[in-house]
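Peer 1: Following this message is one structure expressed as structure tokens.
Any read-out appearing in this document is the output of simple, stated calculations on the displayed coordinates, not a laboratory observation. Quick caveat, the model's predicted, so the values are computed rather than measured. Cβ sites come from the backbone with ideal geometry, for glycine too, and all protein chains shown count toward neighbours.
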Amino acid sequence: MMLAGKVWPIAQPCRKAAVRPQPIRVRSAYHSSQRAARHTATASTGTSKLLKKRGVSSRTRAKCVVCSATRSTLEESTFTLPSGLRLEVITAQAADLPTSGSPKPQLVFIHGSYHAAWCWATHWMAYFAERGYTSYAMSLRGQGRGDHLEGAPTLDDHTADLGKILDHLGQPAVLLGHSFGGLVVQRYAADPAKFGGPPPAGLGLLCSVPPYGNGPMIGRFLRKKPIASIRLTWSFAARAWDGNPELCKETFFSKEMPDALVVTYMEAMAANSRGRLLDLSALNKLLPLTASNPGGAPVMVMGGEEDFCVDVVGVEETAEAYGVKPVIMPGMAHDIMLDVKWEQAAKEVYQWLEQEF
């Protein structure tokens, strides 16, 4: 896979000791919600039959996905860490547009809990590629199509992985982190050298966990909506959203989200998040993080008005920590990159990029 004149490290064959579900990525809801059910599935017998009818083998790793409506090409590859562990990376090369002035920065997307790189490939990567931005979406270790893990990684494990990918890219990138991915971005930005990569060109914290973690938000939820708060805690801690479309919608999406899409994305989340994402005890020892941006990179903080995972107060506190004004998206829930108004959120990020770079 050619990447800015470089080739991603070639992965060795998967270790057979770790049996893991094989998510299948097919042409999905880049331009039509009716095709969203083709998004991601587990390679079960029933799914294999379904994909076979659509001309996709359950054993075939998708090398390129081309959206006929946008002409954007997404390429799936793996990045091999020095330990031999493989991470999934999806790339969207910028469309050929007339250029003037400085080149546009690269974008690197980092997902949150129970998601993987696919959540950015569904809409946002094609959107930004059409507007001249090359982007990369990484699946955090143990998630997506990366190697399966037996234990739970730490925040610093994920941050070091990000540093290695950024070092491989060879030039500063704008980091766009969603939910827990925003915490990874904050940890990296505070000390890039510690994690082996270049200073970021910019930071986008999207429905991000605040520097102090989730504790104060949970306390607010308990005081305001105790029953709903218990449901949210149950949804995350016990993975209760898996197989429960109603709870999944309540946790991640707005009321306007079509139920069929909720089921599609719920299945994608389940198929791509089989391993534990985080060692919570190790995380608690690091909190609160220092909201530091020593390189002075531009920062954007965005949240959803109807987000039940990261409330508006949490978004405002994160923005205050970085000295910026928050952008609150009306009527949007937690998964701003997948929800029905995803394009409005993408447009806000695009306008920020055009203004700053």
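Peer 1: Sticking with the crude label model, points 7 Å out along Cα→Cβ, report the distance from L280 to E343 in nm, one decimal please.
Peer 2: In this crude spin-label approximation the distance works out to 3.9 nm.
Peer 1: Using the Karplus equation 6.51 cos²θ - 1.76 cosθ + 1.60 (θ = phi - 60°), what ³J(HN,Hα) coupling, rounded to whole Hz, does each residue of segment 136-153 give in order, writing x for Gly and Pro?
Peer 2: Once θ is set to phi - 60°, the couplings for segment 136-153 become 10, 10, 9, 8, 4, 4, x, 10, x, 9, x, 4, 6, 10, 7, x, 10, x Hz.
Peer 1: Can I ask one more? Using 0.36 nm times the number of residues separating E130 and V313, minus their current alpha carbon distance, what extension gain do you get?
Peer 2: 62.5 nm
Peer 1: So for each of 223-231, 254-262 I average, over its residues, the number of other beta carbons within 10 Å; can you give me the resulting order with the highest mean first?
Peer 2: 254-262, 223-231
Peer 1: If you stretched the chain out fully between E246 and Q171, how much longer would it get, using 0.36 nm times the residue separation minus the C-alpha to C-alpha distance?
Peer 2: 22.7 nm
Peer 1: With each pseudo-label sitting 7 Å past Cα toward Cβ, what's the A260-K325 distance in nm, one decimal?
Peer 2: Those two pseudo-labels are separated by 4.0 nm.
Peer 1: List, in order, the whole-Hz ³J(HN,Hα) value for each residue of segment 315-325 obtained from phi through the Karplus relation with A = 6.51, B = -1.76, C = 1.60 and θ = phi - 60°; use x for Gly and Pro.
Peer 2: These are the phi-based 3J(HN,Hα) values: 5, 5, 5, 5, 4, 4, 4, 9, x, 10, 8 Hz.
Peer 1: Right, here's the next one. Quick query: amide H of M329 versus all other amide H atoms, modeled in the peptide plane; which residues come in under 5 Å with a sequence gap of 5 or more or a different chain?
Peer 2: It is G303, G304, E305, by chain and number.
Peer 1: I would also like to ask the following. Applying 1/(1 + (r/R0)^6) with R0 = 35 Å to the Cβ-Cβ distance of I227 and D191, what FRET efficiency is obtained, to the nearest 0.05?
Peer 2: That pair, I227 with D191, gives E of 0.30.
Peer 1: Could you line up D161, D279, D167 from fewest to most neighbouring Cβ atoms inside 10 Å?
Peer 2: Going from sparsest to densest Cβ surroundings: D167, D279, D161.
Peer 1: State, to one decimal in nm, how far the label point of A238 lies from the label point of L287, with both points 7 Å from Cα in the Cβ direction.
Peer 2: Going from the A238 label point to the L287 one covers 2.1 nm.
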